[in-house]
1. What is the dipole size for the protein assembly as shown, taken about its Cα centre, with +1 at each Lys and Arg Cβ and -1 at each Asp and Glu Cβ, in debye to the nearest 20?
2. Lysines near C:K216 by alpha-carbon distance under 23 Å, same-chain residues fewer than 8 away left out - which ones?
3. Any idea what the alpha-carbon Rg over 2.2 N^0.38 Å comes to for chain A?
4. Per residue and in cubic angstrom, what volume does the convex hull of the Cα atoms of region C:102-183 have?
5. State to the nearest 20 debye the size of the charge dipole of chain B about its Cα centre, where the only charges are +1 on K and R beta carbons and -1 on D and E beta carbons.
6. Apply the Karplus parameterisation 6.51 cos²θ - 1.76 cosθ + 1.60, with θ equal to phi minus 60°, to every residue of region C:301-315 and state each ³J(HN,Hα) to the nearest whole Hz, in sequence, with x for glycine and proline.
7. Lys and Arg at +1, Asp and Glu at -1: add these up for the other residues within a Cβ distance under 10 Å of C:T282 and post the number.
8. Ranked highest first by average number of other Cβ atoms within 10 Å, how do C:351-362, B:330-341 line up?
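Values quoted throughout were computed directly from the atomic coordinates according to the rules given, and no laboratory measurement underlies them. In this text, all values refer to a predicted model and were calculated from it rather than measured experimentally. All Cβ positions, even for glycine, are placed from backbone atoms using ideal geometry, and neighbour counts span all protein chains on display.
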Amino acid sequence: MSDLALLGILSTALFSGTSLLYAALGELVGQRAGIVNLGLEGVLLVSAATGFSVTALSGNPYLGILAAAIAGALMNTVHGYLVISRKANQLASGLALMFFGFGLSAWIGADYVGARIVGLPRLDLPGLAGLPEVYASLVRFDILIWLVVPVAILVWWLLYRTRWGLGVRAVGESPDTVYASGRSAQSIRYQALWLGGLLAGVGGAHLAIAYAMNWSENMTAGRGFIAIALVIFAKWDPLRAIAGALLFSAAVAFQLLLQSSGFQVSPFLLSTMPYLLTLLVLAIWGGRRRAAAPASLGRVYQGTE
Amino acid sequence: MSPPEQRGAMTSVRPSVAPVLLRYGATALVAFALFGLILAISGKDPIASYRDILASTLGSTYGLSEVIVTMTPLLLTALAVAIPSRVGLINVGGEGQLIMGACLSTWAALTFAGLPAWLLLPIMALLGMIGGAAWAWIPGQLRARGLVNETISTLLLNPVAALIASFLIFGYWHSPMDTNKTAVFSESARLPRLLDTRIDLGLIMGLALLALFWYIMRSTRWGLEMRALGGNPVAARLNGLPARRYTIVALCLGGAVAGLAGMAMVSGYYGALLANFSRGVGFLGFLVCWLAGGSALGIVVTSFVVSIILAGGNLLQLTRDVPYSTINILLAITLFAVLARPDFTRLRSAR
Amino acid sequence: MSKGTRRTRIGQLLVAALLAVAIAPAASVSAADESAAPESAAAEGPCLIIGALHGGSVSDAGYNQAMHDSVMAIKENIPCVEIIEAENVPEEAGATSTMENMIAQGAKMIIATAFNHQYPALELSKKYPDVIFEHAGGWEMGPNFANFYGNPPDAWYMMGVAAGESTDSNKLGFVAAFPLGWTLTFVNAFELGAQSVNPDAETIVAYTFGWGDAAKEADATNSLINQGADVITMHVDSPATVLSTAESRGVDSIGFQSLAAQQFAPEHWITGTGFTLGDTLTWLASTVIDSTWEPIFLRCGMEEGCMTMAPYGPTVTQETKDAVEQARADIAAGTKVVFAGPIVDQDGTVRVAEGEVLSPDVMGSVDWLVQGVVGSPK
């Protein structure tokens, strides 16, 4: 395999994995606060459609990213309202949110399918001038890709090094304790969902505005569920999520290369990797991984929440 | 004698049906009003839109038959969630289980195309149930051994099933003329349709199984034991009920029913195995079951109402120029409206 | 009764009344529609109601847009025609109910543009013998069912010529949705065209397994470029993502399906083809109106105006243009037939013998790729 192809896998892994990582970080923050959002797919779709339409209308991709982030946060807040204030079943609410996302994104994006947008500009690195274009364009990342790893570290820092993060993790472990200590578990959860929604929204924005530069119905094609698997695979740790996102995306890029190498590996079977890997990891290290999960998530899975 | 409310959890006072239905109706109306607002904002006529939805579904025999066609798989996927829920398990894997059931039935349809229908169809149905049950068996085992929660495992296995189906469609069962589906099934592999409509035998299967479920849960020992496990697992286990066995069996039964839904979809409705044919039917089944409180009658009514919404969207895109997918907004808002009132939406038996 | 009970009762009655009000119009509407229809037809109704369905969005700058534009041309040419259109009808099941609804609204001609619509349309044609069904790109025929299509292989050959002339690395990239018969035919024609001016040219195929999975299309385009391809083309519904991605990597591209695609690759666009079936569809509609319609296996190419070459991009050399024009002239004159033998596939098997020609009705079910193509036909 040529070095261009190898570097290409890494490059594609970063391009494709960025939106996955943002989405996973968004879900992760919410789950740390004890809230499962199965509707992540819908959140990504709505934020992608919103971001794309705003970019098409205004000609400004940054405005689009902002709109997408806010759209994501709003979607999460809907879920939050139902689940926190109305004490609705988290799984049902999440699935309803997913269908909501299918419809709302189609409605928002209807007039903008096939529109040509000013995509997010890709940044030139100094010192690349001499390289042939094919190589130089491998590392011409946009700002969101440059920011994704720092943002993941920021999320880690927020969760583990700030009081706010402590509160979020406490709510995720034991909402009653938080309540007893006088803080509002409800508002902490709302805040976590809001932040999670912003992050997921940026993920949706990256997909539509920076990478595919297009909008079509259901364009996320299951990315939300991969992100949910990634959160579990990463043991609810933002730093591990970076590695997981890269791994999952690199696999897709690798599979595309295999298509032309004569090596007959089915792209479909290869795509089952994120889910099977997560399941395998859960089954084998089940005990320790379950201990890593925020305790109140257990109540979701038992149906008492 | 202690008053009825203080006797054991087995005896429950059932609320009368009419006020419950009317409360649902009120909630639905709130949802319809919200959706009407959205339509109005985007310049579409909400009254005309609702008229279109109702006219195209309830206003003609064809429309009604389309509603029932949409409803048929929902009956089964909702039941697939209801059975495990009675022992306190959450099955969000309906999508995957129905796909695996469909795959196994497809294998039979393609391999034994020469057999007569009276032999082939029961084989396909049986294989459909086996496929779905097998797919639910894995999460069942993982849960029974305390390794992985069934909510996560059933959820994760959904996309895996879809990918396996695609692998088969583009691999072993590939024919260059059909983009993303297998060859069309032979006549003997098609579930017969009723009365010159697109309604197939799947409807009868769904209603029959729901009736069976209702009977078993209320009048047999198994039903009692399942409710005990669902209501108070610790006490039940202390009393000697085999929790592990019921876990696996309940999930497998749920999977089998979902697998049957898959068989009905590919055999009755589509006549071939299509890539991504399920389109959220498994998740919708979860929502229907949850809305219906896990009751058999509730499932029938709820899936009927949900199907009206889904089928009605078809005409809407022609006459009102809204994308078909917008009907999901109405569906979701209705769900939100019900979700926001938790008092009458708790799963009836699991706790 | 107590105040609470009375409130509950009133509330229940109110809700029941509202529900009744909501449902009642349904029954009356359908009756009203049925009685209204004959009146309007006699009075000032449209001369023909046409129902058109598309597999994707009509603004996708791709296949669906091209078909949409062609359908709309009917209305421009015959103003008394009324068109009912449905987008995003990808699956058979949705297609059937959509067509049923269209027929219920009075459509007497159905134009089904997506590949998957063929069999649902065929079944419905048996149920409604007085409605004419036209399908794009299929092969089935019936007393009231026929199909139409452009002649893409010739166009693809010419685009292959353009690609073969423009490439420096001798590697061409082809992003495809599925290993469908038509897709493989297009790839083959493309490669044959490239080989005719550049015997070392090879085409690498990457499948996304989706008609509109934008992220995968971007991934596939990048993958092809990373394998050295310096001209990219595609057979997916909307060329937008592939073109934008190629443009962002500074790589040349060739578009397909619709002429609206060029805007996505302003600098590195070479050329492209689009379906321009407006006149053909207008003619078909006029025969339905005159009741002179007959089922025809309609294929037409560039000469008839059914397919159009897009304008050349800014970097295309005169040499390339000349080569393409030469190819076009040869095809029009009949001296060059794209799929004339001998044609050998990737394993060396002779698929079209010397002196023979691949016939059009087989092109939709091809399952092999010519020598020089890298990638699997499955």
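1. My answer is approximately 7280 debye.
2. Straight-distance partners of C:K216: B:K181, C:K171, C:K378.
3. Compactness ratio reported: 1.00.
4. Per residue, the Cα convex hull of region C:102-183 comes to 111 Å³.
5. Working: 24 positive and 13 negative charges, 238 e Å.
In debye, rounded to 20, chain B gives about 1140.
6. x, 5, 4, 7, x, 6, 10, 10, 7, 6, x, 6, x, x, 9
7. Residues near C:T282 contribute -1 overall.
8. In descending order of packing, they fall as B:330-341, C:351-362.
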